[in-house]
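Visitor: Below: one structure in structure tokens.
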There are 2 protein chains.
Amino acid sequence: MKTILTATLVLCLAASAASGQELANFSRQSTTSPEIANDSVTFRISADYATVVTLQTNWLSGQTPMQKKGGVWSVTLPLPEPEIYTYNFVVDGVPVNDASNYMVQRDGTRYLNMLFVPGERSANYYEAGQRGTVTSVWYDSKILGINRRMTVYTPYGYEKNKKQKYPVLYLLHGAGGDEEAWISMGRTAQILDNLIQQGKAVPMIVVMPNGNPGQQAAQTLGLPNSQTNFRDPSMANAYVRSLCEEIVPFIESNFRVIAKPASRAIAGLSMGGGHTITASQLYPSMFDYICPLSMGAAPTDESRAQLRALKKDGYKLYFLACGDADFLFDRAKQLDRTLTEEGLEHTFFVSKNGHEWRNWRLYLNTFAPLLFK
Amino acid sequence: MKTILTATLVLCLAASAASGQELANFSRQSTTSPEIANDSVTFRISADYATVVTLQTNWLSGQTPMQKKGGVWSVTLPLPEPEIYTYNFVVDGVPVNDASNYMVQRDGTRYLNMLFVPGERSANYYEAGQRGTVTSVWYDSKILGINRRMTVYTPYGYEKNKKQKYPVLYLLHGAGGDEEAWISMGRTAQILDNLIQQGKAVPMIVVMPNGNPGQQAAQTLGLPNSQTNFRDPSMANAYVRSLCEEIVPFIESNFRVIAKPASRAIAGLSMGGGHTITASQLYPSMFDYICPLSMGAAPTDESRAQLRALKKDGYKLYFLACGDADFLFDRAKQLDRTLTEEGLEHTFFVSKNGHEWRNWRLYLNTFAPLLFK
């Protein structure tokens, strides 16, 4: 085995060589951040030459001052309740990521560090023991005039149980998001893996398309946006039509799917909640599970007629969810009232907090166990 | 369609609301950076309160000073030759990403901005018209004692041509990398998509496992490293054994693969080049295409015997590549000499530059057309 030993030795040399570009990772972080201890969390950044350093988070408003000691700025805060949070530092007025924390999420064009606070509420956001497969796949949209990417989650066992067919949840992101939003910020794979492993949700496929009609895919180069004019009246609801007439058939011909309304669910947050409402009303026979999140709608004569048609056609679950601090809470309450007035059985799930990912993860974790049962 | 119009209106409100957390993306970047104009590139960062701001790149040594004007620091540099480069700013001593550039790569635990310089050499690093599918899938390793993630690229047409079987390239990363290194920094999907669309490479599957034997997956939480002691002599070459005895069979039973040596290639950079050399010598009948990149080996009696056995067993391509400024170039030259002395036909592809991704992308772009022909 001498050849192999030699190769190993070379690797050790490589790991200690300062010149190797890729290898610079080995000798970086000496600062620990964030550090959770009992009921507090400490953030630290090495910035000996900075004049003012603050912390910016998504659970505290404004900027939190940090104190300098020996070149390292730090601040200790009470630990927020179990969830995933985001933060960054601000060094002399410039937003800076925490180099000591490799857990980073992309929200649109912004990169923010993640703080995981463990506990009952966030338990399903961590990796489960049995994990599904996540696929990035492209489909051609004639309606939108472009080739487009979507993310597909197939549950643990999909590869082995080659004869099993699965129900499908179509899970839509909000404005500013893309086909990677639910899988990264939404922790969809982890939530479904955990719920399925615990026997709380049935094994299902989750399809996360890109809901920006002109965009081929997130974060790519050389992929121009669609030239289609989506303001043209003939393009009304173009994305929802592509979803129901192109994405659903694509999934049903390329994955092992139960192609029936009782095995199709649609859910979406914010803009995706609008897509969910629209799809359920324009295609009342397609989805038996309908879950608009952090969204609502003012009633019109036409929407009332569509809701009556949906009721007549039948469905199994209408799960409307919104935070009581959401700027769209009144809209959600309007939809709740309209559903009641038109006699559509539904759940109105009201949570704390606003228009944010901690709610969307909570909602997915709450409604996924209700699907396909 | 009034319901839908109403939903659209709500979305427009949402997009303009400053309070919506997810929507903050809409109104951010006012600074353009980087900006390529003819033969120069300008980097800019808004940092009114900073004292010293510099630029750090992977094509210039040291830090490049930037000049302040109206709160914006900038520097204009000669455009480097076509390739993908990385950079960041340093604001009062603290590394900072370019918030105006959403193209970011993760290299181990570091996040760096990417600069794409278009040209003939980098043409295949951009998205092709016909794109394959990228999958993150988990396999159980009994040898390593953990469940592990790998990235699999299937070429355009894989979903449609349900009877076609494909050859497989096993593509291994270096120390500090993981199962996402080749697909992100290596631009593997883009390079293969382009080469296949141009008819230069045959459609193939590319498997990119995680080569750190104790690690389940990159960038996850709640997944402890393996408890196995890899220094135990009985664990020698544990990763290479898992690759050949577990990953190859997993791929061959879960994807439509031609399960023959003539349809198996192995390539790897740095540590992965060591894995490539080891695998080809311990399993001489498994791979007919062998491509160690930026790696080499000093000859021993045992390695010479293994190479003679490999020669006797037969193979179709031995493609050794290294940069003439690589700190392992002497090692690569040693392997080149040993291969010559033992009478193994091979290619020694020597490029400019060192131990870095611009070489590894170039090598993949160069050897992929030689595979399976």
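Throughout, read-outs are computed from the coordinates displayed, never taken from laboratory work. Owing to the predicted nature of the structure, the values given are computational and were not obtained by experimental measurement. All Cβ positions, even for glycine, are placed from backbone atoms using ideal geometry, and neighbour counts span all protein chains on display.
Visitor: Along Cα→Cβ at 7 Å, what distances in nm separate the A:Glu159 label point from those on the other copies, shortest first?
Guide: Label-point distances to the other copies, shortest first: 1.9 nm.
Visitor: Which residue, A:Asn353, A:Asn254, A:Asn88, has the most motion in a Gaussian network model of chain A that connects Cα atoms within less than 10 Å?
Guide: Comparing A:Asn353, A:Asn254, A:Asn88 in a Gaussian network model of chain A, the most mobile one is A:Asn254.
Visitor: For segment A:261-275, in order, what is each residue's ³J(HN,Hα) by Karplus, 6.51 cos²θ - 1.76 cosθ + 1.60 with θ = phi - 60°, in whole Hz (x at glycine and Pro)?
Guide: Coupling constants for segment A:261-275: x, 5, 10, 10, 10, 10, 9, x, 9, 6, 3, x, x, x, 4 Hz.
Visitor: A further question follows. Per residue, what volume in Å³ does the Cα convex hull of segment A:27-119 take up?
Guide: Each residue corresponds to 112 Å³ of Cα convex hull volume.
Visitor: To continue, here is another question. Across every pair of different alpha-carbon atoms, what Kirkwood hydrodynamic radius in Å does chain A reach?
Guide: Hydrodynamic radius (Kirkwood, Cα only) of chain A equals 22.9 Å.
Visitor: Choose one answer from A:Pro213, A:Pro95, A:Pro155: the residue with the largest mean-square fluctuation in a GNM of chain A with alpha-carbon springs under 10 Å.
Guide: Answer for the Gaussian network model of chain A: A:Pro95.
Visitor: Can you pull the one-decimal nm distance between simple spin-label points at B:Arg308 and B:Arg256, each 7 Å off the Cα toward Cβ?
Guide: Calculated label separation equals 4.5 nm.
Visitor: Another one. List the residues whose amide H sits under 5 Å from the amide H of B:Phe319, counting only those 5 or more places along or on another chain, with H placed 1.01 Å from N in the peptide plane.
Guide: B:Ile290, B:Cys291, B:Thr347
Visitor: At most 12 other Cβ atoms within 10 Å and a DSSP loop assignment: could you name the chymotrypsin sites (Phe, Trp or Tyr not before Pro) in segment A:97-166 that fit?
Guide: Of the chymotrypsin sites (Phe, Trp or Tyr not before Pro), not one in the loops of segment A:97-166 has a Cβ with at most 12 other Cβ atoms within 10 Å.
Visitor: Continuing with this model, one more query. To the nearest Å, what is the center-to-center distance of segment A:292-317 and segment A:337-367, using C-alpha atoms only?
Guide: Value for the Cα centre distance between the two parts: 14 Å.
Visitor: As a test of understanding, state the convex hull volume per residue of segment A:77-124 from its alpha carbons, in Å³.
Guide: It is 101 Å³ per residue.
Visitor: Output the relative contact order of segment A:254-335, whole-number percent, from Cα pairs under 8 angstrom with separation of 6+ residues.
Guide: 31
Visitor: Largest first and in whole Å, what are the equivalent-ellipsoid semi-axes of segment A:136-277 based on the Cα gyration tensor, each being the root of 5 times an eigenvalue?
Guide: Semi-axes (√(5λ), whole Å): 26, 16, 14.
Visitor: Between B:Gly129, B:Ala99, B:Thr86, whose Cα lies farthest towards the positive end of the dipole of segment B:22-135 when Lys and Arg beta carbons carry +1 and Asp and Glu beta carbons carry -1, centred on the Cα centre?
Guide: Checked the options; the winner is B:Ala99.
Visitor: Can you give the log10 of the normalised intensity I(q)/I(0) at q = 0.24 Å⁻¹, computed with Debye over equal Cα scatterers of segment A:258-340?
Guide: Listed by q, the Debye log ratios stand at -1.17.
Visitor: About the Cα centre of segment B:33-119, what is the dipole size in debye to 20, counting +1 per Lys and Arg Cβ and -1 per Asp and Glu Cβ, all else neutral?
Guide: 200
Visitor: Oh, and also: From the label point of B:Gln198, set 7 Å from Cα along Cα→Cβ, how far away are the matching label points in the other copies, in nm, ordered shortest to longest?
Guide: 5.1
Visitor: If amide hydrogens are placed 1.01 Å from N in the peptide plane, which non-local residues have theirs closer than 5 Å to the one on A:Ser351?
Guide: Placed amide hydrogens put A:Cys322, A:Gly323, A:Asp324 under 5 Å from A:Ser351.
Visitor: Same structure again: How high is the relative contact order of segment A:27-119, given as a whole-number percent (alpha carbon pairs under 8 Å, six or more residues apart)?
Guide: 28
Visitor: Right, another one. With 15 Å as the cut-off, how large is the P(r) tail for segment A:37-86, expressed as percent of Cα-Cα pairs?
Guide: Tail fraction, whole percent: 47.
Visitor: In nm, to one decimal, how far is the modelled label at A:Gln219 from the one at A:Glu345, with both set 7 Å along Cα→Cβ?
Guide: Inter-label distance under the simple model: 4.2 nm.
Visitor: Give me the inter-chain shielding for A:125-138: mean count of other chain Cβ atoms within 10 Å, whole number please.
Guide: 6
Visitor: Follow-up. Taking 20 Å as the cut-off for C-alpha to C-alpha distance, list the pairs among A:Lys142/A:Lys162; A:Lys165/B:Lys162; A:Lys68/B:Lys68 that go past it.
Guide: Among A:Lys142/A:Lys162; A:Lys165/B:Lys162; A:Lys68/B:Lys68, the Cα-Cα distance tops 20 Å for A:Lys142/A:Lys162; A:Lys68/B:Lys68.
Visitor: Ok, one more. Hey, for A:Thr220 with labels 7 Å out along Cα-Cβ, what do the inter-copy distances come to in nm, ordered shortest first?
Guide: Spacings between copies for this position, smallest first, are 2.7 nm.
Visitor: If you plug each phi of segment B:322-331 into the Karplus form 6.51 cos²θ - 1.76 cosθ + 1.60 with θ = phi - 60°, what whole-Hz ³J(HN,Hα) values come out, in order, with x for Gly and Pro?
Guide: Listing the rounded values in order: 7, x, 6, 10, 6, 5, 9, 4, 4, 4 Hz.
Visitor: Moving on. Given points 7 Å out from each Cα along the Cα-Cβ axis, report the A:Ser61 to A:Leu282 separation in nanometres with one decimal.
Guide: Taking the two extended label points, one gets 3.8 nm.
Visitor: Can you give me the long-range amide H partners of B:Glu83? Hydrogens built in the peptide plane at 1.01 Å from N, cutoff under 5 Å, separation of 5 or more residues or another chain.
Guide: Result for B:Glu83 returns B:Val117.
Visitor: In cubic angstrom, how much convex hull volume per residue do the alpha carbon atoms of the protein assembly as shown span?
Guide: Convex hull of Cα atoms, per residue: 158 Å³.
Visitor: Please figure out what share of the DSSP beta bridges in chain A is antiparallel and state it in percent, rounded to the nearest 5.
Guide: Restricted to chain A, the bridges split so that about 70 percent are antiparallel.
Visitor: Between helix A:357-367 and chain A, what is the angle of the helix's C-alpha long axis to the longest principal axis, kept within 0 to 90° and rounded to the nearest 10?
Guide: The angle comes out at about 50 degrees.
Visitor: Only residues of segment B:243-265 count here: report those whose backbone N is under 13 Å from the spot 7 Å along Cα→Cβ of A:Lys160, or say none.
Guide: none
Visitor: Can you give the relative contact order of chain A as a percent, counting alpha carbon pairs under 8 Å and 6+ residues apart?
Guide: So the answer I get is 12 percent.
Visitor: Moving to a separate point now. Connecting C-alpha atoms closer than 10 Å in a GNM of chain A, tell me which of A:Ile191, A:Ile143, A:Ile266 has the biggest fluctuation.
Guide: Result: A:Ile143 has the largest fluctuation of those listed.
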